[in-house]
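**Student:** Could you have a look at this structure, given as structure tokens, before my questions?
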Amino acid sequence: MIRRSFTLFAIVTALTVGALAQSGAGDSWPTYHGDFSGRHFSPLKQVTAGNVKHLSLAWVFRTTGSTQGAVLGGVAAAADAAPAPGGGRGGPQPPAPTIKAIPLMVNGVLYVSTPNHVFAVDARTGESIWHYVWPGNNAIGNRGLGMFGDWLYVATPDNSIISLDARTGKERWNKKMVSASAVNFTTSAPVVIRNHVIVGIGGDGGGSQSFLESLDPATGASQWKWLTTPGKGEPGIETWPSPEVAALSAGAPWQPPTYDPALNLLYVTTGQPTPTYNGKGREGDNLYTCSVVALNPDTGKMAWYYQFSPHDTHDWDATQVPVLLDVAYQGQPRKLLALANRNGYFFLLDRTTGKNLLIEQFAASNSYLGADNGRLVPNPAKEGSPGGSLVFPDSDGAANYPSPSFSPDTGLFYVNATDAASIFYLAKDPTHPTGYGRDSEWHLGLFTSRLAAIEYATGKIRWQQKYPETAGFWSSTHPGILTTASGLLFSGDPSGNFIAFDAATGKPLWHARLGASLSNTPQTFTLDGRQYIVVAAGDSLFGFALQ
């Protein structure tokens with residue numbers, strides 16, 4: 001049943017969760033990035049370089065694809081079918097899905113999601129509290145939840161937004177965000193800013209317009225919607241051949257945004273245009289794809305934008321985390337935004353105005369002629385061609401969606417990077433190109449993966465940890481990064497090791513082999529005076545603490 005009014009308890013707890021997200025307090029992890037800044041930096045100091053060797057496994061929680069004993073959502077909640085002979089509901093059960101989400105932790109409970117599943121887990125023991133299942137179609141992944149008081153919000157692959165009671169897992173409401181015929185799919189974690197539940201909708205395929213929408217936390221009613229590509233007569237439409245072409249492109253905002261409470265600006269990153277590899281039918285810069293856009297979270301109105309990859313033809317989404325820095329730059333305190341882009345370049349912007357301050361290459365990239373007046377100039381010779389064009393990086397990117405980290409103590413921006421190449425092809429007669437065009441790219445299969453520490457003010461690499469070339473490309477596409485005030489950096493290598501590094505020097509200090517590559521970004525919190533570090537590998541969530 002939809003709750004039509006706020007209880008005093010809901011209001012108080014919602015304000016508490018919001019305050020925790022704004023302050024970055026270490027006793028919880030109340031929103032996707034831990035706080036609104038996207039820094040993935042924790043003030044906790046219990047685990048140090050001196051004692052990290054004593055870090056040991058406290059518990060393991062394994063997800064399930066079964067519906068046995070689960071709280072059922074949607075139509076299934078009303079039907080509540082009897083258990084099938086195989087032990088679950090509805091016949092044979094699918095395998096446990098990979099955890100890509102960063103769990104929330106509030107009041108001793110971890111909340112973690114996989115496509116169509118939400119789990120509440122005791123943060124002390126790793127034991128299951130409840131399990132919710134949505135009976136929708138599957139997709140490539142779900143990356144987390146949002147929270148408002150004692151209400152949870154999750155997006156499903158079939159573009160539904162669902163609100164759950166955090167105490168019981170019971171469904172409060174669900175809302176379908178697009179029509180059944182739309183080709184969109186949704187993976188992003190909702191982010192709650194005061195009384196706005198904000199979520200990005202839109203997959204990689206063309207044919208439907210992508211958007212960011214703000215919903216009322218109590219009812220799911222729409223508050224505003226921002227379309228990622230402009231319409232007729234709107235600013236930016238001149239960068240498209242026509243409004244019709246713009247409306248059929250993607251530009252999906254599938255990375256949870258970051259937020260500056262002082263400026264009251266939401267920083268939203270967008271995906272690539274479509275057709276993805278063939279730009280012949282969409283000449284122009286194609287705004288606001290491959291961009292970061294600053295929006296007012298109360299109205300959805302745009303304050304400024306910056307485009308990282310004008311007229312992208314290599315699937316270089318800009319959906320990396322826009323990290324907010326409050327630091328000195330050229331001798332003055334500045335409010336900055338840093339982003340290590342999929343195209344191989346590190347960008348530094350003034351987050352008040354969107355002005356570009358720095359563009360510096362951090363990975364192998366041969367697709368630009370350089371920078372001019374604060375923007376990259378594409379190299380036409382690196383467009384796809386009938387004979388094939390060798391391009392660095394490949395479509396998986398020099399960086400991808402897993403979270404980087406910034407430590408104000410070291411002044412370093414950390415990112416897992418990959419150097420890789422593909423040959424991009426283009427048909428001789430692409431008269432009506434549509435969709436992905438995945439057969440237009442041939443991966444060469446050679447990768448160099450590394451953890452890089454970048455000086456934010458110069459873009460220069462201070463240190464890097466390279467992994468064996470045989471290990472694959474997972475550095476950019478799987479493990480995220482966590483840093484702490486005790487000078488530690490937690491991440492993983494492509495071989496399935498969870499590693500603690502010295503954040504200042506890159507020296508490895510400790511590792512644990514988890515049996516599978518890390519599949520999310522580590523997070524940390526304190527509970528009963530004990531610091532936990534939690535990370536996922538495959539279908540399992542691992543909790544570590546000092547002995």
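**Student:** How many residues are β-branched (Val, Ile, Thr), surrounded by fewer than 24 Cβ atoms within 10 Å (Cβ to Cβ) and assigned to a loop (DSSP other than H, G, I, E, B) when one looks only at the range 502-546?
**Tutor:** 1
**Student:** Tell me the strands (runs of 3 or more DSSP E) entirely within the range 308-386 that contain at least 1 residues that are within 20 Å of the chain's Cα centre (by Cα) and within 14 Å of Val293 (Cα to Cα). If you could, list the steps in order and put the result at the bottom.
**Tutor:** Details: elements: 323-329, 332-340, 345-350, 356-361, 368-372, 375-378.
It comes to 323-329, 332-340, 345-350.
**Student:** Surrounded by fewer than 23 Cβ atoms within 10 Å (Cβ to Cβ), out of contact with any helix residue (DSSP H, G or I) (no Cβ under 7 Å at 6 or more places or on another chain) and closer than 28 Å to Gly108 by Cα: does that describe Asp165? Before the answer, list the steps.
**Tutor:** Details: surrounded by fewer than 23 Cβ atoms within 10 Å (Cβ to Cβ): yes; out of contact with any helix residue (DSSP H, G or I) (no Cβ under 7 Å at 6 or more places or on another chain): yes; closer than 28 Å to Gly108 by Cα: yes.
Judged against the criteria, Asp165 is a match.
**Student:** Select from the range 247-288 the residues that are out of contact with any strand residue (DSSP E or B) (no Cβ under 8 Å at 6 or more places or on another chain) and among the polar types (S, T, N, Q) and write down the one among them that is farthest from Thr31 (Cα to Cα).
**Tutor:** Here the answer is Asn278.
**Student:** While we're looking at this one, here's another question. So which of Ser5, Ser66 ends up being in a loop (DSSP other than H, G, I, E, B), modelled with pLDDT under 75 and farther than 25 Å from Val327 by Cα?
**Tutor:** Numbers: Ser66 fails: modelled with pLDDT under 75.
It is Ser5.
**Student:** Name the residue that is farthest from Asp317 (Cα to Cα), counting only residues in the range 408-430 that are surrounded by 24 or more Cβ atoms within 10 Å (Cβ to Cβ) and among the hydroxyl-bearing types (Ser, Thr, Tyr).
**Tutor:** Among those that are surrounded by 24 or more Cβ atoms within 10 Å (Cβ to Cβ) and among the hydroxyl-bearing types (Ser, Thr, Tyr), it is Tyr414.
**Student:** Given the structure, is Tyr425 modelled with pLDDT under 85 and more than 26 Å from Ile359 (Cβ to Cβ)? Step through it out loud before you land on a result.
**Tutor:** Working: modelled with pLDDT under 85: no; more than 26 Å from Ile359 (Cβ to Cβ): yes.
The answer is no for Tyr425.
**Student:** Name the residues in the range 225-254 that are under 18 Å from Trp304 (Cβ atoms) and of a type outside the set (Asp, Glu), would you? Write out each step before concluding.
**Tutor:** Narrowing the range 225-254 to residues under 18 Å from Trp304 (Cβ atoms): 226-230, 234-239, 251, 253.
Answer for the range 225-254, where residues must be under 18 Å from Trp304 (Cβ atoms) and of a type outside the set (Asp, Glu): Trp226, Leu227, Thr228, Thr229, Pro230, Pro235, Gly236, Ile237, Thr239, Gly251, Pro253.
**Student:** Just for the range 150-173: of the residues that are modelled with pLDDT under 95 and polar (S, T, N, Q), which one is farthest from Ser208 (Cα to Cα)?
**Tutor:** The residue in question is Thr156.
**Student:** Identify the residue in the range 283-296 that is part of a loop (DSSP other than H, G, I, E, B) and crowded, with 24+ Cβ neighbours inside 10 Å and, among all such residues, is farthest from the chain's Cα centre (by Cα). Full working, then the answer.
**Tutor:** Keep residues of the range 283-296 that are part of a loop (DSSP other than H, G, I, E, B), which gives 283-290, 296.
Those left that are additionally crowded, with 24+ Cβ neighbours inside 10 Å: 286-290.
Working: Asn286: 22, Leu287: 21, Tyr288: 18, Thr289: 16, Cys290: 15 Å.
The selected residue is Asn286.
**Student:** Given the conditions (1) modelled with pLDDT under 85; (2) exposed (fewer than 15 other Cβ atoms within 10 Å of the Cβ), which single one is not true for Gly387?
**Tutor:** Result: Gly387 passes all but (1).
The values are calculated or read from the model by the stated rules, or taken from the named source; none is laboratory data. Remember, predicted model here, so these are calculated numbers, not experimental data. In this analysis, Cβ positions are derived from the backbone assuming ideal geometry, glycine residues included, and neighbour counts consider all displayed protein chains.
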